[in-house]
Amino acid sequence: MTVVTAHEDHGGHEAHPDLRVWGLLTFLISESLMFGGFFATYLFFRGSTEVWPPEGTEVELFVPTINTIILVSSSFVIHFGDMAIKKGNVWGMRFWYLVTAIMGAVFLAGQVYEYQNLGYGLTTNVFANCFYIMTGFHGLHVFIGLLLILGVLWRSRRPGHYSATKHIGIEMAEIYWHFVDIIWIILFTLVYILNIL
Amino acid sequence: MTRVEFPPHLPPDDNESKNLVVGHTLHLPAWKWRDYFTFNVDHKVIGIQYLVTAFVFYLIGGLMAIALRTELATPDADFIDPNLYNAFMTNHGTIMIFLWIVPSAIGGFGNYLIPLMIGARDMAFPKLNAIAFWLNPPAGLLLLLSFIFGGSQSGWTAYPPLSLVTAPMAQTLWILAIVLVGTSSILGSVNFVVTILMMKVPSMKWDQLPLFCWAILATSVLALLSTPVLAAGLVLLLFDLNFGTSFFKPDAGGNVIIYQHLFWFYSHPAVYLMILPIFGIMSEVIPVHARKPIFGYKAIAYSSVAICVVGLFVWVHHMFTSGTPGWMRMFFTISTLIVAVPTGVKIFGWVATLWGGKIRFTSAMLFAVGLLSMFVMGGLSGVTMGTAPFDVHVHDTYYVVAHFHYVLFGGSVFGIYAGIYHWFPKMTGRKLNEVWGRIHFALTLVGTNLTFLPMHKLGLQGMPRRVAMYDPQFVDLNVLCTIGAFILGLSVIPFAINVIWSWSKGELAGDNPWEALSLEWTTSSPPLVENWEVLPVVNHGPYDYGHSAEVGVLET
């Protein structure tokens, strides 16, 4: 093969493009299909069961609606943080990310409160199985997102770690948080809204 | 060049080491043997780690197969206990699919070759790559550990309700093992997709991308879309087994068919996960050893993508006898038959490449041609079963076993061997011995046909699969199969000797022993730690044999 030599002035090896955002997006597409599997299972049971949800295992709407409002708003809040860092405002980013973290924590607390007050458990019937698996797995993802945000806050203590030009970690936490949000909107529609209608 | 001791991605601080920087680029010449046992982030080390580990699992799975065939030499259960037979059968299938073919074809060849073929120094996420590999050994250990608890007994499909009532602890370990390899597969696929899409050298046009890269790209997309669905199914099964849920318990409102959907949504594409990289290997080996440009580059590249897309819509053909409604059978029969079209495109492409070529019958080429014949056979029996009426007739008989062993053994394993003979010189700097290679090929070819050809007839006569005891009328053909299995077992010996001997003392290969044109052959054998001193510039396609006199000349 004809190979033309080219001089690279990178000292070590060629600068490796930072592809982590692409990696995360690819991973999240994959991850969403896991939820897809759960949703398909849920819809299968919903379509093949006469009374759905069965009597005694209905969902309640008040707490989850508040939770939904909190989670959906947090997607905007976290974006303010992203906008702040792009202007080089680390303190602004910290503020908005902290608010997002608090909103995420409130969401999880709301979910625990809901679990305690539903009056049925994981094993009650197939609807309860689906409900707890789906909301539980989503809750796990919120928890992981929360850890990512706290990780960003922890790392932002180092001077110069994040700046207007260097903020991939922040962006990734934001993308993950949006993903968690989108999954919740589908989940909320399937499990809560459709069952109330 | 002398060996240098420092982490490859960190520039050294002392002046002495700086003298070893070549052309502004820092390189370790090669890895030492002990680097292969560490958490190494180099794609070449990880590729070989995958290949060697997978081969060890291949031997373990193969020994289980020999035990099964020994049992089946007689109609009675007189060699191993039927429960152990079930456990061996389950783990034979699981190990061969999840720990041999998939890791070696995608993880092994994919990791080793992709960066070299696209002119990159490493994969996009080297650490993630190493993590993906290191999930495999514990998965294998979990499977082997399951034998302490009786071994999972419900077959590699783990269909409930059987999987919910036999050996729950072993089944749980089985699920955890599959979730581990599934995670490995997803992480690996993320890496492949991003690497291929974003990291090829700028001078390489998309129609200069080697076909193996197209195949791995399609494979990775397929893995990304299907694996998580299996994970969802397995998580539900895990909860049914251990936490009292009843997704798959019909007496408590559950449904077993939904498991089959979730399982086959992954596990049918899994057959393409196993065969697409092999198709990629074929597309590299055949033109090099036939000294001809590949016939229909674009058709072969796009057919990989087509198989990836259509492959996602055929899973229900595994469930034709599960009470599937008529319209569904119709839809999935048609989509299944359509998959045969892009596959046929590839087969015709390879045959047309061979046509009129200056064929060198190296061991790699022998295995590639062997694969062609076997895969056509397995593919045709697949088409017969893709049609619902015939499938209903041969469902769960040895005809199915014959079919998938022709495609998975005759297809995948032959392809892996072809790839090893082809790229061994690149990986080690030495050629494999051709005489031993031919003995290996002859034994494998005879063994494969003797083992699996009679199974077609056994199936048509109605011998059920998955059972240790059978009607004595089937004994003659079963004895033939068992003899074949022993020959297949023996065939591994010349291969193993060849690899071990050639790795240390084989004929030195030089950088490009096959006079191939794809990028991996432009670097040294074995390649430097960061693959190239300076990244290559591509100015012709990977298969342009005989197009110009300059092609094949390496200038640096």
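Annotation: peptides B:417-424, B:521-528, B:99-106, ranked by per-residue average of other Cβ atoms within 10 Å with the highest first, follow the order B:99-106, B:417-424, B:521-528. In chain B, the longest principal axis of the Cα atoms and the axis of helix B:475-505 are about 20 degrees apart. For residue A:182, put the label point 7 Å out on the Cα→Cβ axis and report which residues of segment A:123-139 keep their amide N under 18 Å from it. Residues passing the 18 Å test: A:138-139.
Taking the protein heavy atoms of segment B:28-112 in the context of the full set of protein chains, the accessible area attributed to carbon and sulfur is 72 percent at 1.4 Å. Checking the cross-link pairs B:205/B:292; B:44/B:505; B:298/B:431; A:166/B:127; B:32/B:127 against a 24 Å limit on the alpha carbon distance flags B:298/B:431 as lying beyond it.
Using the beta-carbon distance between residue A:106 and residue B:435 and R0 = 56 Å, what value does 1/(1 + (r/R0)^6) give for FRET efficiency, to the nearest 0.05? E(calc), rounded to 0.05, equals 0.20. Subtracting the Cα-Cα distance of residue B:252 and residue B:32 from 0.36 nm times their residue separation leaves 73.4 nm of extension gain. Remark: spin-label model distance residue B:127-residue A:189 equals 3.7 nm, labels positioned 7 Å along the Cα→Cβ axis.
The listed residues B:395, B:268, once ranked by accessible area (1.4 Å probe) with the largest placed first, stand as B:395, B:268. The calculated FRET efficiency for residue A:163 paired with residue A:79, based on their beta-carbon distance and R0 = 30 Å, is about 0.95.
Close amide H contacts of residue B:430 (hydrogens built in the peptide plane, cut-off under 5 Å, sequence separation of 5 or more or a different chain): B:509. For peptide B:211-224, the mean count of partner chain Cβ atoms within 10 Å of a residue's Cβ comes to 1. Look at the stretch B:527-536: the mean tally of other chain Cβ atoms within 10 Å of its residues' Cβ atoms is 3. Using alpha carbon centroids, what distance separates segment B:345-378 and segment B:171-206, in Å? Centre-to-centre distance over Cα atoms comes out at 28 Å. Rounded to the nearest whole Hz, the Karplus-based 3J(HN,Hα) values (6.51 cos²θ - 1.76 cosθ + 1.60, θ = phi - 60°) of segment A:24-35 follow the sequence 5, 4, 4, 5, 5, 4, 5, 4, 5, 6, 5, 4, with x at glycine and proline. Here the peptides A:48-59, B:371-382, B:350-361 are ranked by packing, the mean other Cβ count within 10 Å, and the order with the highest first is B:371-382, B:350-361, A:48-59. In the full protein context, chain B carries 36 Å² of accessible surface per residue, based on a 1.4 Å probe and ignoring ligands, DNA and RNA. With R₀ set to 45 Å, the beta-carbon distance separating residue B:361 from residue B:80 gives a calculated FRET efficiency near 0.65. Could you give the length gained on full extension between residue B:496 and residue B:442, defined as 0.36 nm per residue of separation minus the Cα-Cα distance, in nm? So the extension gain works out to 17.9 nm.
Counting Lys and Arg as +1 and Asp and Glu as -1, what is the net charge of the other residues whose Cβ lies under 12 Å from the Cβ of residue A:53? Neighbour charge sum, excluding residue A:53 itself: -3. When only alpha carbons of segment B:194-236 are considered, Rg and Dmax amount to 14.4, 48 Å.
Near residue B:397, the amide H atoms lying under 5 Å from its own belong to B:465; only residues 5 or more places off or on other chains count, and H is placed 1.01 Å from N.
At a 1.4 Å probe, what is the % contribution of carbon and sulfur to the accessible area of segment B:383-448? On segment B:383-448, the fraction of accessible area on carbon and sulfur atoms equals 72 percent. Note on A:125-133: average number of Cβ atoms from other chains within 10 Å of each residue's Cβ is 5.
How large a share of the accessible area of segment B:189-306, in percent, is made up of carbon and sulfur atoms when the probe is 1.4 Å and the other protein chains stay in place? Carbon-and-sulfur percentage of accessible area, whole number: 69.
Projected label points at residue B:309 and residue B:461, each 7 Å from Cα along the beta carbon direction, are separated by 4.5 nanometres.
Accessible area per residue for chain A, computed on protein heavy atoms with a 1.4 Å probe, is 47 Å². Summary of packing: across the peptides B:492-501, A:93-102, A:151-160, B:219-228, the per-residue average of other C-beta atoms within 10 Å ranks them, highest first, as B:219-228, A:93-102, B:492-501, A:151-160.
The values are calculated or read from the model by the stated rules, or taken from the named source; none is laboratory data. In this text the structure is predicted, and so the values were computed from the model without any measurement. Here the Cβ is made from the backbone with ideal geometry for all residues, glycine too, and neighbour counts use every protein chain on show. Just the protein is used for accessible areas: all its heavy atoms, side chains included, with ligands, DNA and RNA removed. Shrake-Rupley method; radii C 1.70, N 1.55, O 1.52, S 1.80 Å.
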